[in-house]
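The values are calculated or read from the model by the stated rules, or taken from the named source; none is laboratory data. If you're wondering where the values come from, they're calculated on a predicted model, not measured in any experiment. We place every Cβ from the backbone using ideal geometry, glycine too, and count neighbours over all the protein chains shown. The protein model used for the area step is the full one, side chains on, heavy atoms only, and it has no ligands, DNA or RNA in it. Shrake-Rupley method; radii C 1.70, N 1.55, O 1.52, S 1.80 Å.
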Amino acid sequence: MDPWLIWLIVAAVLVVVEIFTLTAALGMLGAAALVTAGLAAIGLPLPFQFLAFGVLAATSLLFVRPVALRHIAQPQVARFGTDALVGKPAQVLSEVTGAAGRVRIDGEEWTARSYDETLVIAAGATVDVIEIRGATALVYPRD
């Protein structure tokens, strides 16, 4: 079997295993094996293939992988949908109890319930949105 084909198989196996592990290390080794397969295909002798693989693997693991992991580990910058409403102030339109009520959040009218089911929040009060459950905002009065 030709060396370039062996390197190609090694690269494919490493990339497939990377898909299941998500470590970014095996993907880097797979990329190094893929480049080495190309070098083997153009006729690079076997000792230089191993040298090229070692240099490429070490370089990618030491320099590329940390950058990739930093980008993967970044927290979500913006919240979207109903998650963006949590923590916002709301104006009570009709009395809010543990069972029913209406509030206005960012100009939109929402059904609401008191986060503390024993509280009754009068119309006109300002509340904070604690949680969104379905189409209902759970709110708590501001102090």
Open item on the list: Can you give me the long-range amide H partners of Glu131? Hydrogens built in the peptide plane at 1.01 Å from N, cutoff under 5 Å, separation of 5 or more residues or another chain.
Closed with: Leu138
Task: Per-residue HN-Hα couplings for segment 80-97 [Karplus 6.51, -1.76, 1.60; θ = phi - 60°; Hz; x = Gly/Pro] - done: 10, x, 5, 4, 5, 7, 5, x, 7, x, 9, 9, 6, 8, 9, 2, 9, 10
Open item on the list: For Thr111, Thr118, give me the order by solvent-accessible area with a 1.4 Å probe, most accessible first, ignoring ligands, DNA and RNA.
Closed with: Thr118, Thr111
TODO: Return the sequence-ordered ³J(HN,Hα) values of segment 6-17 in whole Hz as given by the Karplus equation 6.51 cos²θ - 1.76 cosθ + 1.60 applied to θ = phi - 60°, using x for Gly and Pro.
DONE: 5, 4, 5, 5, 4, 4, 5, 5, 5, 5, 5, 5
Task: Cα Rg, Dmax (largest Cα-Cα span) when computed across segment 1-118, Å - done: 27.5, 81
TODO: Would you please give the residues with an amide H less than 5 Å from that of Ala125, counting only those at least 5 places away or on a separate chain, with H modeled from the backbone geometry?
DONE: Val92
TODO: Please give the per residue accessible area of segment 34-115, computed with a probe of 1.4 Å over protein heavy atoms only, in Å².
DONE: 66
TODO: Leaving ligands, DNA and RNA out of it, rank Asp116, Asp2 by accessible area with a 1.4 Å probe, largest first.
DONE: Asp2, Asp116
Open item on the list: Could you work out what % of the accessible surface of the chain is carbon and sulfur, using a 1.4 angstrom probe and leaving DNA, RNA and ligands out of the count?
Closed with: 67
Open item on the list: Net charge within 12 Å of Ala99 by Cβ-Cβ distance, Lys/Arg positive one each and Asp/Glu negative one each, not counting Ala99 itself?
Closed with: -1
TODO: Please label the shape of segment 1-70 as rounded, prolate or oblate, based on the square roots a ≥ b ≥ c of the eigenvalues of the alpha-carbon gyration tensor (a/c under 1.5 means rounded; beyond that, a/b larger than b/c means prolate, else oblate).
DONE: oblate
